[in-house]
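The values are calculated or read from the model by the stated rules, or taken from the named source; none is laboratory data. Treat the numbers as computed from the prediction; the structure is a model and nothing was measured. Neighbour counts are summed over all protein chains in view; Cβ atoms, including those assigned to glycine, are modelled from backbone coordinates with ideal geometry. Heads up: the accessible areas ignore ligands, DNA and RNA and are worked out on the full protein's heavy atoms, side chains in. Shrake-Rupley method; radii C 1.70, N 1.55, O 1.52, S 1.80 Å.
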Amino acid sequence: MDILECINNKRSGRSYTDQEITDETFNELLNLGVKASTGSNEQPWGFVIIKDKEEIDKLNDITKKYVADNLEKLPYFKQYESWLHNPKMSLLNRSPYLLLIFGNTDSHWHVYDCTLAAGNIMLAAHSMGIGTCWVGFAEHVCNTKEFKEKYNVPENYELVTTLSMGYMRKELDPPVRKEPKVFYCK
């Protein structure tokens, strides 16, 4: 799949098979991810890969409880309130894999650089039939001191994104987007 086809067809995947993503495939995706542009060549990214389904389910439960208990502090999640009380709903998309991208806060550019790396990973994964979805719900749970200690993430690294991942259950239609807003062009 060429890059233009990949960009035109990539959607956030939320329904995955149980097919294994091999260590070699993860290594390839990470190596493609870190080819991203990086401010001052600081390359501030670090990764956590969670492959344990029970661990992912536990993180989902903790995340649902945290968001439900803190909706007043998290008004941007208010629209999902019914999901939080639905036992069948998984905020982590019943994903067989999670990829978390952390940025070294010593770099002013860590959020931008890690976001660019995530974009590379998401496009590369799509080209391989692997679906990804940026999961904003997990940011408050997966950026805690306890979480970082458990997964050997240095204190000065902050979570930039959590991606649910897995081979796609079905191919999705291309995304439909509004026309770009151009404020000035001369």
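Couplings 3J(HN,Hα) of the stretch 153-169, computed from phi: 8, x, 4, 7, 9, 10, 5, 9, 7, 10, 10, 7, 8, x, 5, 5, 5 Hz, in residue order, whole Hz [Karplus 6.51 cos²θ - 1.76 cosθ + 1.60, θ = phi - 60°; x for Gly and Pro]. In the context of the full set of protein chains, residues of the chain present 61 Å² of accessible surface per residue (probe radius 1.4 Å, heavy atoms only). Would you tally the net charge around K78, using a Cβ to Cβ cut-off of less than 14 Å, leaving K78 out, and scoring K and R as +1, D and E as -1? Within the 14 Å Cβ shell, the charges total -2. About its Cα centre, the dipole of the chain is roughly 760 debye, where the only charges are +1 on Lys and Arg Cβ and -1 on Asp and Glu Cβ. A dipole drawn for the chain from +1 and -1 charges on Cβ atoms has a positive end, and of F47, T161, G103 the residue lying farthest that way is T161.
Model label sites at K88 and T17, defined 7 Å from Cα along the beta-carbon direction, differ in position by 2.4 nm. Per residue of the chain, the DSSP helices (runs of n ≥ 4 H) give a summed -39500 (n - 2.57) that works out to -10000 deg cm²/dmol at 222 nm. Per-atom-type breakdown for the stretch 38-186 gives carbon and sulfur 52% of the accessible area (1.4 Å probe, protein chains only).
Counting only lysines at least 8 places from K170 when in the same chain, those with an alpha carbon closer than 22 Å to its own are K10, K51, K53, K88. Computed over the stretch 64-110, the quotient of the alpha carbon radius of gyration and 2.2 N^0.38 Å is 1.52.
For the pair Y151 and V176 in one chain, pulling the backbone fully straight at 0.36 nm per residue adds 5.3 nm over the alpha carbon distance. The convex hull defined by the C-alpha atoms of the stretch 1-145 has an orientation-averaged projected area of 9.9 nm². When +1 charges are put on Lys and Arg Cβ atoms and -1 charges on Asp and Glu Cβ atoms, the dipole computed for the stretch 60-154 relative to its Cα centre reaches about 280 debye. Amide hydrogen proximity for G131: with H placed 1.01 Å from N in the peptide plane, the residues at 5 or more positions away or on another chain lying under 5 Å are G166, Y167, M168. Put a plus charge on the Cβ of each Lys and Arg, a minus charge on the Cβ of each Asp and Glu, and nothing anywhere else: the dipole of the stretch 31-107 about its Cα centre is then about 280 debye.
Computed from backbone phi with θ = phi - 60° and the Karplus coefficients 6.51, -1.76 and 1.60, the 3J(HN,Hα) list for the stretch 10-20 is 5, 10, 6, x, 10, 9, 10, 8, 8, 4, 6 Hz; x is used for glycine and proline. Among all the lysines, which ones have a C-alpha under 16 Å from K73's C-alpha, if same-chain residues fewer than 8 places away are not counted? Straight-distance partners of K73: K64, K65.
Placing a label point 7 Å from the Cα of E28 along the Cα-to-Cβ direction, the residues of the stretch 111-132 with a backbone N closer than 15 Å are 121-131. Given 4 °C and 1.567 mPa s, compute D for the stretch 1-59 with the Stokes-Einstein relation, Rh being the Kirkwood radius over Cα pairs; round to the nearest whole µm²/s. Translational diffusion coefficient: 89 µm²/s.
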